[in-house]
Amino acid sequence: MNKVCAIFGGSRGIGRAVAQLMAPKGYRLALIARNLEAAKAAAAELGGDHLALSCDVAKEHDVQHTFEEMEKHLGQVNFLVNAAGINRDGLLVRTKTEDLVSQLHTNLLGSMLTCRAAMRTMIQQQGGSIVNVGSIIGLKGNSGQSVYSASKGGLVGFSRALAKEVARKKIRVNVVAPGFVRTDMTKDLKEEHLKKNIPLGRFGETIEVAHAIVFLLESPYITGHVLVVDGGLQLAI
Ligand code: NDP
C-alpha cells in the first residue's frame, strides 16, 4: 500500500480513531497536533513506522513546515484528514474576540492552509483525497454556537468549491459532518439530557465517525459530498 495520509488532529478523538483504522490497512501515517507528546503517544500505540508532528494548523509557517517534514520522512502526501478543531461555546454577545478568532482560525483557516499545502503535492501527483471534518451544527446551526457553526458551515462551502476546482486533477474533497461524539470536546455535555433528541438514542463513538471518513477517503467516485454521521440528529432538530 505505502500510501501516505496526514491526519491533523490525529492525537485524540476522531482523528486518532481514523489513524487506528488506517494503520492496519498499510497506510503510512502522520499524526499531527499541537501537543507533540500526545501525538507521539498515539503514533506509538499504532506500532509500525508512523510519524508524529507538532503543528498549530492556524499558523501558516507551522503547516508549511509540517508538509516539508512529511515529505522528507514519509514521501508525498496522498490523503489528508482535517480533524483538528476546537469549540468555544457561548452566546455571541458574550464571546470574546479572541475566542471568535481562534475558532475561525483553527476550524476554517487551518483546513484551508492544510488543503492548500496538500494541493501542491497532489497536483504534482495528479491525484489525492481529502476529508474535512465539519459538524451537523455547521449545517443546522445551534444557539450558543454561532461562531463554531460559521466555521463548520464555511468549511462545507470551501470543500465543495475546492472539489470543483481540483476534480480535473483527480483530487477529491469531501466532508464528514458528525453529530455528538464521545470525545474530550463533548466530555462536559450532559449526554443523558441530550440523547433524548437523538433518534438512535446515544452519542456516537469515534470509530463510527472514522469509518465514514475512511470510506470517503477511499471512494474513487465521490467528491463534493457532505456525509452526516449523527445518529439521526438532523431529523430531530
Ligand atoms: P478532540 O478535542 O478530541 O481532539 C481535537 C484534536 O485536534 C486533537 O488532536 C487536538 O490536539 C487537535 N487540535 C486542536 N486544535 C489544534 C490546532 N490549532 N492545531 C493542530 N491541532 C489541533 O476533538 P474531536 O475529536 O471531538 O473533534 C475532531 C473534529 O470533529 C473537530 O473538528 C470537531 O469540531 C469535529 N466535531 C466533533 C464533534 C464531537 O461531538 N466530538 C461533533 C462534530 C464535529 P492538540 O490540542 O494537541 O492540538
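The values are calculated or read from the model by the stated rules, or taken from the named source; none is laboratory data. Quick caveat, the model's predicted, so the values are computed rather than measured. Cβ: placed from backbone, ideal geometry, glycine included. Neighbour counts: every protein chain shown.
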Query raised in the report: Of all strands (runs of 3 or more DSSP E) completely enclosed by segment 2-68, which ones contain at least 3 residues that are farther than 23 Å from L216 by Cα and in contact with a strand residue (DSSP E or B) (Cβ under 8 Å, 6 or more places away or on another chain)?
Result: 51-54
Report task. Might you let me know whether segment 97-115 holds any residue that is more than 14 Å from the ligand (Cβ to nearest atom) and either at pLDDT below 95 or among the aliphatic types (A, V, I, L, M) (or both)? Result -> yes
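Is one or more of the residues making up segment 41-57 among the charged types (D, E, K, R), within 14 Å of the ligand (Cβ to nearest atom) and farther than 26 Å from S135 by Cα? Before you say what the answer is, go through the steps one by one.
Residues of segment 41-57 that are among the charged types (D, E, K, R), as a first pass: 45, 49, 56.
Then drop every residue that is not within 14 Å of the ligand (Cβ to nearest atom), which leaves 45, 56.
Adding the requirement that they be farther than 26 Å from S135 by Cα leaves 45.
Scanning segment 41-57 turns up at least one residue that is among the charged types (D, E, K, R), within 14 Å of the ligand (Cβ to nearest atom) and farther than 26 Å from S135 by Cα.
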Requested in this report: Name the one entry in L113, L80 that is buried (at least 17 other Cβ atoms within 10 Å of the Cβ), not polar (S, T, N, Q) and not in a helix (DSSP H, G or I).
Outcome: L80
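Condition check: of a type in the set (G, A, S), surrounded by fewer than 16 Cβ atoms within 10 Å (Cβ to Cβ) and in a loop (DSSP other than H, G, I, E, B). Does G231 satisfy that?
No; evaluated as a whole, the condition is false for this residue.
Look through segment 1-24, keep the residues that are out of contact with any helix residue (DSSP H, G or I) (no Cβ under 8 Å at 6 or more places or on another chain) and in contact (Cβ under 8 Å) with a residue 24 or more places away in the chain, and return whichever of them is farthest from the ligand (Cβ to nearest atom). Lay out the reasoning, then the answer.
Here is the first cut: in segment 1-24, the residues out of contact with any helix residue (DSSP H, G or I) (no Cβ under 8 Å at 6 or more places or on another chain) are 2-3, 15, 24.
Among the residues that remain, those that are also in contact (Cβ under 8 Å) with a residue 24 or more places away in the chain are: 2-3, 15.
Numbers: N2: 25, K3: 21, G15: 5 Å.
Applying the filter and picking the extreme gives N2.
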Query raised in the report: Mind checking which pairs have a first residue in segment 153-168 that is farther than 11 Å from C115 by Cβ and a second that is of a type in the set (G, A, S), Cβ under 7 Å, 6 or more apart or different chains?
Result: G153/G138; V156/G134; V156/G138; R160/G224; K164/G224
Requested in this report: Could you check how many residues of segment 123-138 are part of a helix (DSSP H, G or I) and touching a helix residue (DSSP H, G or I) at 6+ places or on another chain (Cβ under 7 Å)?
Outcome: 4
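When residues of segment 158-185 are filtered for being within 16 Å of the ligand (Cβ to nearest atom) and among the small types (G, A, S), how many remain? Write out each step before concluding.
If we filter segment 158-185 for residues that are within 16 Å of the ligand (Cβ to nearest atom), which is where we start, we get 158-159, 173-185.
In the following step, the residues that additionally are among the small types (G, A, S) were identified as 159, 177, 179.
Within segment 158-185, residues that are within 16 Å of the ligand (Cβ to nearest atom) and among the small types (G, A, S) number 3.
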